[in-house]
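Participant: My structure is below; once you've seen it, I'll send some questions.
The values are calculated or read from the model by the stated rules, or taken from the named source; none is laboratory data. Predicted model, so just to flag it, every value in this text is computed and none were measured. Cβ coordinates were reconstructed from backbone atoms using ideal geometry, including for glycine residues, and neighbour counts include every protein chain displayed. Quick note on the areas: whole protein, heavy atoms, side chains included, nothing else; ligands and nucleic acids left out. Shrake-Rupley method; radii C 1.70, N 1.55, O 1.52, S 1.80 Å.
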Amino acid sequence: MLEFYKYHGTGNDFVMIDNRTEFFQKDNKELVAFLCHRRFGIGGDGLILLENAEGYDFKMVYYNADGSESTMCGNGGRCLVAFAKQLNIIEDKCRFIAIDGEHLATVATDGTVSLKMIDVSGIKIEDKHSFLNTGSPHHVQVVRNIGSYDVFNIGKDIRESELYAPGGTNVNFVEQEGPNHFRIRTFERGVEDETLSCGTGATAVAISMYAQNKCDSNSIQIDVEGGSLNVSFETEDNISFKNVWLSGPAKLVFGGEIEI
């Protein structure tokens with residue numbers, strides 16, 4: 001029997017496992033895929049292990065829903081911080097290590113979790129899209145009528161295109177809602193479908209829009225299908241971005257045991 005917890009950050013949901021005793025079969029892709037399966041398992045966009053790490057409060061190990069170990073997940077990181085607080089590992093702030101390096105995080109009294117992301121540079125701005133890495137690779141494309149946009153098929157085509165071969169990319173479609181306010185929809189690599197939210201995607205959109213002078217504040221609201229996130233940062237040249245923070249809710253859905 002495997003003890004688990006289910007968390008979500010603006011609809012981006014994750015299976016959480018306390019693996020500080022290192023019991024979990026980390027090389028078993030089929031097990032991860034089963035646990036993330038929405039009909040036969042628990043259901044989730046990904047699975048996250050919380051582990052011990054010398055010099056840090058904990059370590060984050062993230063798997064896509066298909067069982068493959070993935071790059072950084074912003075909402076997953078925020079949910080893991082909330083999980084660590086539930087386990088009494090931390091109180092209201094922490095420092096942890098993930099696949100893309102060190103992260104700081106804070107938990108506010110209202111439950112908002114703010115996660116410091118990696119510094120970002122090397123943004124590629126093309127005529128119809130931009131590309132950047134915010135811990136995971138992201139294609140950003142401005143569209144109209146985003147509510148009825150064919151995110152799955154167009155996103156899948158871009159994700160699998162030769163432009164991003166062989167690894168592929170996450171694909172974000174964005175529409176401006178107001179000053180320093182954008183709405184996005186994301187096709188996620190690894191999930192291979194649209195998700196209700198993507199933290200690294202929201203971060204990528206905010207930075208990309210600022211770099212293209214589509215907003216003038218360094219604190220930007222990003223509406224996702226599952227709620228709202230805030231991205232803030234510092235920059236002096238619109239090329240390099242530091243002190244990047246992703247903030248939003250991270251909530252426990254339920255916990256239980258499952259036979260494996």
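Participant: Looking at residue 81 and the list (1) under 28 Å from residue 183 (Cβ atoms); (2) at pLDDT 95 or above; (3) touching a helix residue (DSSP H, G or I) at 6+ places or on another chain (Cβ under 9 Å), which single condition is not satisfied?
Facilitator: (3)
Participant: Take the range 171-192 and flag every residue that is in contact with an Asp or Glu (Cβ under 9 Å, 6 or more places away or on another chain), open to solvent by 10 Å² or more (accessible area, probe 1.4 Å) and not charged (D, E, K, R).
Facilitator: Those that are in contact with an Asp or Glu (Cβ under 9 Å, 6 or more places away or on another chain), open to solvent by 10 Å² or more (accessible area, probe 1.4 Å) and not charged (D, E, K, R): 179, 180, 181, 191.
Participant: Quick one: count up the residues across the range 86-122 that are of a type in the set (Ser, Thr, Tyr) and either touching a Leu at 6+ places or on another chain (Cβ under 7 Å) or open to solvent by less than 50 Å² (accessible area, probe 1.4 Å) (or both).
Facilitator: Residues meeting the conditions: 2.
Participant: Identify the single condition in (1) in a helix (DSSP H, G or I); (2) open to solvent by 30 Å² or more (accessible area, probe 1.4 Å) that residue 83 does not satisfy, given that it satisfies every other one.
Facilitator: Here residue 83 clears every test but (2).
Participant: Within the range 188-206, track down each residue that is under 18 Å from residue 114 (Cβ atoms) and touching a residue at least 40 places away in the same chain (Cβ under 8 Å).
Facilitator: Those that are under 18 Å from residue 114 (Cβ atoms) and touching a residue at least 40 places away in the same chain (Cβ under 8 Å): 197, 198, 199, 200, 201, 202, 203, 204, 205.
Participant: Would you confirm, using the coordinates I've provided, whether residue 53 is in a helix (DSSP H, G or I) and farther than 22 Å from residue 204 by Cα?
Facilitator: no
Participant: Sticking with this one: Could you list, in sequence order, all residues of the range 44-57 that are out of contact with any helix residue (DSSP H, G or I) (no Cβ under 8 Å at 6 or more places or on another chain) and open to solvent by less than 20 Å² (accessible area, probe 1.4 Å)?
Facilitator: 49, 51
Participant: Separate question: So which residues in the range 1-26 are open to solvent by 10 Å² or more (accessible area, probe 1.4 Å), in a loop (DSSP other than H, G, I, E, B) and within 20 Å of residue 230 (Cβ to Cβ), if there are any at all?
Facilitator: Selection gives 11 alone.
Participant: Would you check if residue 253 is β-branched (Val, Ile, Thr) and open to solvent by 50 Å² or more (accessible area, probe 1.4 Å)?
Facilitator: It is true that residue 253 is β-branched (Val, Ile, Thr) and open to solvent by 50 Å² or more (accessible area, probe 1.4 Å).
Participant: Can you confirm whether residue 195 is open to solvent by less than 10 Å² (accessible area, probe 1.4 Å) and hydroxyl-bearing (Ser, Thr, Tyr)?
Facilitator: yes
Participant: Select from the range 219-245 the residues that are surrounded by fewer than 20 Cβ atoms within 10 Å (Cβ to Cβ) and closer than 22 Å to residue 126 by Cα and list them in ascending order.
Facilitator: Within the range 219-245, 235, 236, 237, 238, 239, 240 qualify.
Participant: Can you give me the number of residues within the range 27-43 that are buried (at least 18 other Cβ atoms within 10 Å of the Cβ) and in a loop (DSSP other than H, G, I, E, B)?
Facilitator: So the count comes out to 2.
Participant: Now a separate question. Looking only at residues that are closer than 12 Å to residue 177 by Cα and part of a loop (DSSP other than H, G, I, E, B) in the range 144-156, which one is most open to solvent (accessible area, probe 1.4 Å)?
Facilitator: Ranking the qualifying residues of the range 144-156, first place goes to 144.
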